[in-house]
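Report on the structure given below.
Just so it is clear, none of the values below were taken in a lab; they were calculated from the coordinates. Fair warning: this is a prediction, and the values are worked out from it, not measured in the lab. Quick reminder, even Gly has a Cβ in these numbers, built from the backbone with ideal geometry, and neighbours come from all protein chains shown.
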């Protein structure tokens, strides 16, 4: 029940999460800002930002070289290990990715972003129950600025564990924090569609459509919802969009067959 078109969205969220500065986690200390950095930390951070840029362009070897230089400048730079973990994760180097996630968490145990990203790594590698534990660690951190990310990820992993009730709780809470979060809206629409609550499913998928996210699977879900609600006019309208934008997609082929319940 994971929405396949969300991979690029999750990718972006993970990158942004991994680059956050270490948080105080409610320890009573002030959050560190750029003005608190030493010259060494600033030089290491410049290398890290270069690495992030190369990572975003999928130039992984160059990104890893920049991470290496950052760690030569500052061996205790937790964010560098966190980003390197994401790079290795994207490369399919699971052992190296996990080693770096754990190193980042060891250096900055109160950084909720590291816990969230490590949880996502665990979820993607068949360790869903462990991933939920990491998401909960992130969510207990009162300094965490993006709880909707961990909540949405926990919902996705709950679905992989075939626990839709837990998934619905996580997605609903994620929506409460950020009603504009598109992955959360799509997942809520999917859950309510499968529960035959088509009006609620329409509410959430409409929010995605209005945000102009018109991927094949989103349009196909919208078509199926309108089909169940009996609104032929809107159904045909979405069908036309699906044909125009994704004529070669499996979703359009299913629409042509009338395979609404496959």
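Among the residues of the range 200-209, none qualifies, meaning not one is surrounded by fewer than 18 Cβ atoms within 10 Å (Cβ to Cβ) and part of a loop (DSSP other than H, G, I, E, B). Only helices (runs of 4 or more DSSP H) whose full extent lies in the range 34-136 are considered here, and the ones with at least 1 residues that are closer than 30 Å to residue 162 by Cα and under 17 Å from the mean Cα position of the chain (by Cα) are 78-91, 94-107, 112-124. Condition test on residue 190, is it in contact with a helix residue (DSSP H, G or I) (Cβ under 8 Å, 6 or more places away or on another chain), in contact (Cβ under 8 Å) with a residue 24 or more places away in the chain and at positive phi? No, not satisfied. The residue of the range 53-73 that is nearest to residue 108 (Cα to Cα), among those that are touching a residue at least 24 places away in the same chain (Cβ under 8 Å) and buried (at least 20 other Cβ atoms within 10 Å of the Cβ), is 70.
Name the residues in the range 210-262 that are under 19 Å from residue 185 (Cα atoms) and exposed (fewer than 12 other Cβ atoms within 10 Å of the Cβ), would you? Hits for the range 210-262 are 210, 212.
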